[in-house]
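To keep things clear, I will list the structure first and then write my remarks on it.
The values are calculated or read from the model by the stated rules, or taken from the named source; none is laboratory data. As the structure is a prediction and not an experimental result, all values here were calculated from the model. Here Cβ is always computed from backbone atoms with ideal geometry, including for glycine, and neighbour counts include all displayed protein chains. Areas reflect the complete protein model, heavy atoms only, side chains present, ligands, DNA and RNA absent. Shrake-Rupley method; radii C 1.70, N 1.55, O 1.52, S 1.80 Å.
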Amino acid sequence: MSHPIDDAEQLIANAEEEFPPPLRSRLIAKLRKGEHIDDAAEDLGMTPQQVFSAARILASFGDQLDATLTAERDPDLPHGTVTGFNKRCRCPQCRAAVNRRF
């Protein structure tokens with residue numbers, strides 16, 4: 001029988017293997033250069049869903065990703081709204097607006 005701690009450790013190990021630190025660093029660098037997360041993830045052979053899944057499991061990476069997306073977001077968009085998300089913003093506030101909607 002599996003124990004919850006073992007499950008958590010396995011999730012973390014799998015995320016680390018699928019999305020190792022050098023790949024995470026390359027993604028963050030692309031975002032800081034102004035690339036959209038969809039394009040940056042695709043360039044690295046990943047999907048945005050894989051990136052955000054890893055960000056939920058790897059807390060420090062998730063914090064770094066959210067900080068980068070916030071710093072690089074378009075100041076002219078209405079953040080924290082579905083409109084911002086629909087205009088391709090993926091900052092934490094725009095993602096939360098979409099999640100609240102469902």
All but one of (1) over 18 Å from residue 39 (Cβ atoms); (2) open to solvent by 70 Å² or more (accessible area, probe 1.4 Å); (3) not hydroxyl-bearing (Ser, Thr, Tyr) hold for residue 86; state the number of the condition that does not hold. (1)
Could you tell me whether the stretch 46-67 includes any residue that is exposed (fewer than 11 other Cβ atoms within 10 Å of the Cβ) and part of a loop (DSSP other than H, G, I, E, B)? no
Return yes when residue 73 is surrounded by 15 or more Cβ atoms within 10 Å (Cβ to Cβ) and within 10 Å of the chain's Cα centre (by Cα) and no when it is not. no
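Which one is surrounded by the fewest Cβ atoms within 10 Å (Cβ to Cβ), of the residues in the stretch 89-102 that are in a loop (DSSP other than H, G, I, E, B) and not aromatic (Phe, Trp, Tyr)?
My answer is 90.
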Name the pairs whose Cβ atoms lie under 7 Å apart, with the first residue in the stretch 78-102 and over 19 Å from residue 62 (Cα atoms), the second charged (D, E, K, R) and not in a loop (DSSP other than H, G, I, E, B), and 6 or more positions between them or separate chains? 82/101
